[in-house]
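The structure appears below as structure tokens.
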Amino acid sequence: MLAQEIIRAKRDGQALNEAQISHFVRGLVDNSWSEGQVAALGMAVFLKGMGRDEAVLLTRAMMNSGRVMRWPDMPGPVLDKHSSGGVGDKVSLMLAPMVAACGGYVPMIAGRGLGHTGGTVDKLEAIPGYTTTPEPARFDQIVRSLGCAIIGQTADLAPADKRFYATRDVTATVESVPLITASILSKKLAAGLEGLAMDIKCGNGAFASTPEFAKELAESIVAVAGGAGLRTRALITDMNQILGTDVGNSLEVIETIRYLTGEHREPRLHEVTLALCAEMLVLGNLAADTAAARLKLQAALDSGAAAEKFARMVVALGGPADLMERPGAYLTAAPVVKPVAAPRGGVITTMSTRELGVAIVELGGGRRKAGDAIDMRVGFSDVKPLGTRVAAGEPLALIHAADDAAADRAIASYLAACTLGDADVAATPMVMAEVG
């Protein structure tokens, strides 16, 4: 079988069969397909599309291109959640211990920041000593004993996807629904899950900027996951503003601690976290319906059980034992903190969320290129949400920066990204749609 004939078939709009897809995935791993051939097939799929059956075959082949985790004799359901990425999205940090406190087992393999969006792994690495690369046996032991562990992606899980994504990233073929679907699900299936909740972010700070694209992606992921044997529910959630009150690696860990301990729970963040956790509990047969699941989750928060799971996970992966009690002793503060003063009185009517994510990168809180070091201290805190009425001079947020010049640039960027009007604005529902 020749690579160029497989490329030709897809170029001409034909559906690829299992043998052709297996040949391609094998070529990704053993490098028998050249970069040019990989790029050509990616572009052919981008232009001609893929049917659901093809996407299932591609997903399964990439899942089996490396190690596939197994969880024999697990006393409860193995569950996970995946987000398509947003600004201020620290949901995973709360979700894993909350679901674990309700009887689920969450072996979460998370990613780093990509573009303007933050990464769960980067946030956890703001905690001194926390290792995101434990030995597989240690990861297995922590999940079994605590119910959750959040670590970074490993090279032996779905290695075909890693190479294919890197090529797509530099050949303008990332925005393909079947390829996004296969990329996400191949890694989740390789983690040995029994249920998956998908958070498809939608809005000006999301990869899916329109409801139509978000719905197409959600439906594709649910259908392909089902075809591959993984029960999945997708929620389309709002990303037209920062999620929560804080953005930036250390700041988001602090907000997580405040959330879990009950000190501060921003309503939109609380709603999306509860909604996703509830879907996971229902998928795992740990609750009869989402209403019952929400009661169970709220009890896990109120009793301190979820906070205890997070604290124990941090210690098991090398972090400090008293992080929850003394976060300020470990999560270093930025040397410069300045307010973003409202230029006039009015209502915050719009927020260019993607631009605010870019501003975090400019502060040093994200990467301009792979391998860049991150300044864990920088970001925004006390972010006022859309619909807030402010007086002239009142802070829209606080900037945390390495120096005065960086803070002043970030203030200018923040003001440029926000619009103040006079009329009140209607609140946007956090969960915009459900699929599955």
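The values are calculated or read from the model by the stated rules, or taken from the named source; none is laboratory data. Here the structure is a predicted model, which is why all the values come from computation and not from measurement. Glycine gets a Cβ as well: all are built from the backbone with ideal geometry, and neighbour counts include every protein chain shown. Protein only, heavy atoms only, side chains kept; ligands, DNA and RNA dropped before computing areas. Shrake-Rupley method; radii C 1.70, N 1.55, O 1.52, S 1.80 Å.
Summary of computed values
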item	result
Listed residues Ala126, Ala299, Ala206, most fluctuating in the chain (Gaussian network, C-alpha, under 10 Å)	Ala299
Where segment 99-219 is the region considered: accessible area per residue in Å², 1.4 Å probe	33
FRET efficiency for Val431 and Asn31, using Cβ-Cβ distance with R0 set to 51 Å, rounded to 0.05	0.75
Heavy-atom accessible area per residue - segment 232-324, 1.4 Å, Å²	31
Protection-proxy order for peptides 284-291, 223-230, 15-22, each taking the mean of Cβ atoms within 10 Å per residue, highest first	223-230, 15-22, 284-291
Under the Debye formula (equal points on every Cα, no solvent term), log10 I(q)/I(0) of segment 224-372 at q = 0.10, 0.18, 0.19 Å⁻¹	-0.51, -1.31, -1.35
Residues Asp422 and Asn285, FRET efficiency given R0 of 60 Å [Cβ-Cβ distance, rounded to 0.05]	0.75
Computed [θ] at 222 nm, helices only, for the chain once each DSSP H run of length n ≥ 4 contributes -39500 (n - 2.57)	-14000 deg cm²/dmol
Global geometry of segment 345-436, whether rounded, prolate or oblate, following the gyration tensor of its Cα atoms and the 1.5 cut on a/c	oblate
Carbon + sulfur, % of accessible area of the chain - ligands and nucleic acids excluded, 1.4 Å	53
Total charge dipole magnitude, segment 1-68, about the Cα centre, Cβ charges on Lys, Arg, Asp, Glu only, Debye to nearest 20	120
Folded to 0 to 90 degrees: helix 404-417 orientation relative to the chain principal axis, Cα	70
The chain, Rg to Rh (Cα coordinates; Rh as Kirkwood inverse mean 1/r)	0.97
Angle between the chain longest axis and helix 211-227 axis [Cα atoms, degrees, rounded to 10]	50
Segment 350-410 - accessible surface per residue (Å², probe 1.4 Å)	45
Pairs beyond 28 Å (Cα-Cα), from Lys10/Lys201; Lys81/Lys309; Lys10/Lys90	Lys10/Lys201; Lys10/Lys90
Stretch gain in nm, segment Arg70-Thr349, where the contour uses 0.36 nm per residue and the Cα spacing is subtracted	95.6 nm
Protection proxy ranking, peptides 248-258, 65-75, 263-273, 353-363, average beta carbon neighbours within 10 Å, highest first	248-258, 353-363, 263-273, 65-75
Dipole moment magnitude, nearest 20 debye, segment 214-337 about Cα centre, only Lys, Arg, Asp, Glu C-beta charged	280
Residue (of Ala423, Asn64, Ala341) at the positive-pole extreme of the chain, dipole from beta-carbon charges	Asn64
Radius 13 Å from Cβ of Thr349, net charge of other residues (Lys, Arg +1; Asp, Glu -1)	+1
Dipole of the chain [Lys/Arg +1, Asp/Glu -1 at C-beta], most positive-end residue of Val177, Met50, Met94	Met50
Folded to 0 to 90 degrees: helix 91-101 orientation relative to the chain principal axis, Cα	80
Packing-based ranking, highest mean first, of 160-167, 240-247 given that Cβ atoms within 10 Å are counted	240-247, 160-167
Dipole moment magnitude, nearest 20 debye, the chain about Cα centre, only Lys, Arg, Asp, Glu C-beta charged	600
log₁₀ of I(q)/I(0) at q = 0.10 Å⁻¹ - segment 64-171, Debye sum with one point per alpha carbon	-0.31
